[in-house]
Amino acid sequence: MNDSLRIAVVLPCYNEEAAITQTIAGFRASLPGATIYVYDNNSRDRTAELARAAGAVVRTERQQGKGNVVRRMFADVDADVYVMADGDLTYDPKAAPEMVRMLVDEQYDMVVGTRQHEVAEAYRGGHVLGNRLFTGLLSSLFGRSFTDIFSGYRVFSRRFVKSFPVLSAGFEIETEMSVHALELRMPVGEVETAYGARPEGSASKLSTYRDGWRILKTIGTLYRVERPVLFYGSIGALFWLTAIILAIPLVITYLDTGLVPRFPTAILATGLSIIGVLCFFAGLILDTVTRGRREVRRLAYLAHPAPVAEK
């Protein structure tokens, strides 16, 4: 690994006083040349105080939500390689050097630490099932995916960070990161990492059903924005199918008698057909807009050099 690379460890934190000191110590031991940033998101405990005492650069983000914190971190921190993890010590800092090495040597833009848990308390059953379902859904909608789309342990290149708009506000940020990499066809990799239980005194901020619903809405929104032809085309196809079902008896009657006795049904079928056509053309128009936005993001992505391995 090139020692001249600037590596930043960025830790979004909310009430993590039970683990933040150990987390900082772990990353300092694994990546001794890195600068560690702790972004405190309105913690009501001593997270910021303990992080500062442990030698981290402490900053504050007032807008609540992990997505808001990530947006601030990516905008403020200037580095060649970014290592993002949580401040609760659930992710293994010892895996960071291998993830950074893979990013640099393979010229990747993102390396995801896929979680391997051996302790039942580390990863609840509902979260495991939800991860599998959402991973499969993302793969079916966008063509390919990752093994663990919800992992918060990721290493990024500078060109990923500075081209990522960060539109999410909460824990759905990991889904948005995955889609951003897939849509720009970035080279990405995965590394299996240990995932442990939170230390005593630390509580999870995740809500299985509430956050699951928010993630589902995020996937739907991203699909609508990134795949407008398929999204609006599918809606148009439903209108057309309904119109055809309503029109078949009318056509049969007309062929037999030459009359159209049910005008309201005929008008409804015609209206549904028109709406279907409008949906299809709306998808085509929005696809042109999406292509333009994707080109702008691609140019922003290419404006930054990739981290280079030492010869």
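The values are calculated or read from the model by the stated rules, or taken from the named source; none is laboratory data. Being a predicted model, the structure only gives us computed values, none of them experimental. Heads up, the Cβs are rebuilt from the backbone with ideal geometry, glycines too, and the neighbour counts pull from every protein chain shown.
General remarks:
- Scoring T147 on the criteria (1) surrounded by fewer than 22 Cβ atoms within 10 Å (Cβ to Cβ); (2) under 21 Å from Y14 (Cβ atoms); (3) of a type outside the set (A, V, I, L, M); (4) in contact with a Ser or Thr (Cβ under 7 Å, 6 or more places away or on another chain) leaves a single failure, condition (2).
- The set of residues in region 101-136 being among the hydrophobic types (A, V, I, L, M, F, W, C), surrounded by fewer than 18 Cβ atoms within 10 Å (Cβ to Cβ) and at pLDDT below 80 consists of V119, A120, A122, V128, L129, L133.
- Which numbered condition V260 fails, given (1) in contact with a Phe, Trp or Tyr (Cβ under 8 Å, 6 or more places away or on another chain); (2) under 30 Å from R101 (Cα atoms); (3) of a type outside the set (S, T, N, Q); (4) not in a helix (DSSP H, G or I): (2)
- The C-beta contact set for region 181-195 (first residue more than 18 Å from P305 (Cβ to Cβ), second residue basic (K, R) and at pLDDT 90 or above, distance under 9 angstrom, 6+ apart or interchain) comprises T193/K94; A194/K94.
- Failed item in (1) surrounded by 22 or more Cβ atoms within 10 Å (Cβ to Cβ); (2) in contact with a Ser or Thr (Cβ under 7 Å, 6 or more places away or on another chain); (3) small (G, A, S), with A51 passing the rest: (2)
- Take the conditions (1) at pLDDT below 95; (2) over 22 Å from R115 (Cβ atoms); R28 misses just one of them, which is (1).
- When region 172-191 is filtered for residues that are at pLDDT below 90, surrounded by fewer than 21 Cβ atoms within 10 Å (Cβ to Cβ), part of a loop (DSSP other than H, G, I, E, B) and not aliphatic (A, V, I, L, M), only R185 remains.
- Scan of region 55-89 for residues that are out of contact with any strand residue (DSSP E or B) (no Cβ under 6 Å at 6 or more places or on another chain) and crowded, with 18+ Cβ neighbours inside 10 Å, ordered by number: G65, G67, N68, V70, R71, R72, F74, D80, D86, D88, L89
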